[in-house]
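What follows is a short report on a single structure.
Quick note: the coordinates plus some simple rules give every number you see, no bench work behind them. All of these numbers come straight from a predicted model, not from anything done at the bench. Virtual Cβ from ideal backbone geometry, glycine too; neighbours counted across all protein chains shown.
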């Protein structure tokens, strides 16, 4: 019973972290201070991963979750190559739960 509750809590925590990270990636993608070339490469990479042409379908280790893993990798690399000051701003705003209107006009 306690193990089931802990497992449920960890899964819920992981889902909230996934949501928070997805929101951060989206807001970074919409920010004008992030280079356009980085956005284009990220968008094309994401489209390639979710396209019907799946060149990685033959890898048995990845199996069904290969798209999710690769999309997570693309998102991580996008955040990694964004300007550190912009990422820090969004990370700090997310920690304080004030992600509204962070992007300057």
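Cut-off is 10 Å between beta-carbons; in what order do 44, 70, 77, 28 appear when sorted fewest neighbours first? Before the final figure, lay out each step's value.
Numbers: 44 11, 70 17, 77 14, 28 24.
If I rank by nearby Cβ atoms, fewest first, I get 44, 77, 70, 28.
Want the number for residue 39 to residue 19: 0.36 nm per residue separation, take away the alpha-carbon distance, what's left?
On the way: separation 20, 0.36 × 20 = 7.20 nm, distance 1.99 nm.
Full-extension gain reported as 5.2 nm.
Using a 10 Å cut-off around each Cβ, can you sort 33, 27, 80 from fewest to most neighbouring Cβ atoms?
Fewest to most other Cβ atoms nearby, the residues stand as 80, 33, 27.
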